[in-house]
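Notes for the one structure printed next.
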Amino acid sequence: MKNDDCNIDLKSHWNKAYEKSPTEKLGWYEDVPNLSLEMIARCKLDKNAKIFIAGAGSSTLIDTLLEQEYTQIVANDISDEALELLQSRIPSNKQKYLDCVVDDLTNPTLLKSQTNIDLWVDRAVVHFFLKEAEQETYFNLIKSNVKKGAYVLLAAFALDGAKKCSGLDVFRYNAQMFQERLGEDFKLNVAKEHVFINPNGDSRAYIYTLFQKK
């Protein structure tokens with residue numbers, strides 16, 4: 001996957017981002033991702049539910065889910081460096097509950113087999129997909145891999161949010177745009193505007209949504 005405007009190889013870009021800065025210094029770092037956890041709690045999932053984290057990076061959300069005793073977590077990222085950092089942080093007695101999958105969400109191979117997902121979580125990887133074909137592939141993957149009755153948590157820069165992140169252009173969303181992409185088989189349960197203060201003290205406007213597949 002490449003960013004045409006800058007001719008950037010995104011796998012290399014994200015590997016370098018995770019190599020040069022510790023997790024807690026990254027612009028999207030949250031010590032405790034409270035809003036995500038609040039929305040996940042609304043789903044009332046069984047502890048053995050399959051939770052898929054798209055574009056997981058080295059997110060602390062996964063540490064918290066493991067602490068909450070969820071036993072089937074799949075973390076995906078295009079950056080193997082990010083997932084190695086994540087795995088190195090997870091206690092040995094929790095490793096068996098986490099499966100890390102390096103793959104491109106806009107050109108998936110391994111991810112096609114990640115079916116029967118109970119909760120799909122995307123905390124702002126979707127806004128890096130600029131092309132129509134990338135967006136279509138991504139949302140089709142959600143539709144095919146999430147089972148009926150399951151949930152989809154999508155967060156992205158809001159329409160009045162930042163135009164770039166980590167030096168890359170982003171595609172901004174509102175709840176209606178997510179609904180149109182997912183289609184009528186998905187019901188919007190929650191939509192919240194959220195202002196995130198990043199480690200540099202800058203504010204970023206987000207939209208958080210929680211959908212359920214009918």
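Counting only aspartates and glutamates at least 8 places from Lys94 when in the same chain, those with an alpha carbon closer than 12 Å to its own are Asp63, Glu67, Glu69. What shape does the range 2-213 take by its C-alpha gyration tensor, where a ≥ b ≥ c are the square roots of the eigenvalues and a/c under 1.5 counts as rounded, a/b above b/c as prolate, and the rest as oblate? It comes out rounded by the Cα gyration axes. Positive end of the dipole of the range 2-213 (Cβ unit charges, origin at the Cα centre): among Gly149, Thr64, Phe139, the Cα lying farthest that way belongs to Gly149. Springs between Cα atoms under 10 Å define the GNM used for the chain, and in it the highest mean-square fluctuation of Phe178, Phe52, Phe157 occurs at Phe178. Taking 7 Å steps out from each Cα toward its Cβ at Glu67 and Asn200 produces label points 2.8 nm apart. On full extension, the segment bounded by Ala41 and Lys187 gains 50.8 nm, given 0.36 nm per residue less the C-alpha separation. Comparing Leu98, Asn189, Gln176 along the charge dipole axis of the chain, the residue lying farthest to the positive side is Asn189, per the Cβ-charge model. Near Glu69: Cβ cut-off under 11 Å, other residues only, Lys/Arg at +1 and Asp/Glu at -1. The net charge is 0. For the chain, DSSP calls about 55 percent of its internal beta bridges antiparallel. Multiplying the residue separation of Ser12 and Glu132 by 0.36 nm and removing their Cα-Cα distance gives an extension gain of 41.0 nm.
Per-residue ellipticity at 222 nm from helix content only, as computed over the chain with -39500 (n - 2.57) for each DSSP H run of at least four residues, stands at -8000 deg cm²/dmol. Within the straight-line cut-off of under 25 Å between alpha carbons, the lysines reachable from Lys96 are Lys44, Lys47, Lys50, Lys112, Lys147, sequence neighbours fewer than 8 places apart in one chain being disregarded.
Between Lys20 and Asp103, what is 0.36 nm times their sequence separation minus the Cα-Cα distance? Round to one decimal in nm. It would help to have the intermediate numbers written out before the result.
On the way: separation 83, 0.36 × 83 = 29.88 nm, distance 2.15 nm.
Using 0.36 nm per residue and subtracting the Cα-Cα distance, I get 27.7 nm.
For Lys20, the lysines whose Cα falls under 16 Å of its own Cα, not counting residues fewer than eight places away in the same chain, are Lys11.
How much net charge surrounds Ala56 when only the other residues with a Cβ under 10 Å from the Cβ of Ala56 are counted, with Lys and Arg +1 and Asp and Glu -1?
-1
Ordering His127, His13 by the number of other Cβ atoms within 10 Å of each residue's own Cβ, fewest first, gives His13, His127.
None of the figures in this text is laboratory data; all of them are computed from the coordinates on show. The structure presented is a predicted model; accordingly, all values stated were derived computationally and were not measured. FYI the Cβ positions are ideal-geometry reconstructions off the backbone, even for glycines, and counts take in every protein chain you see.
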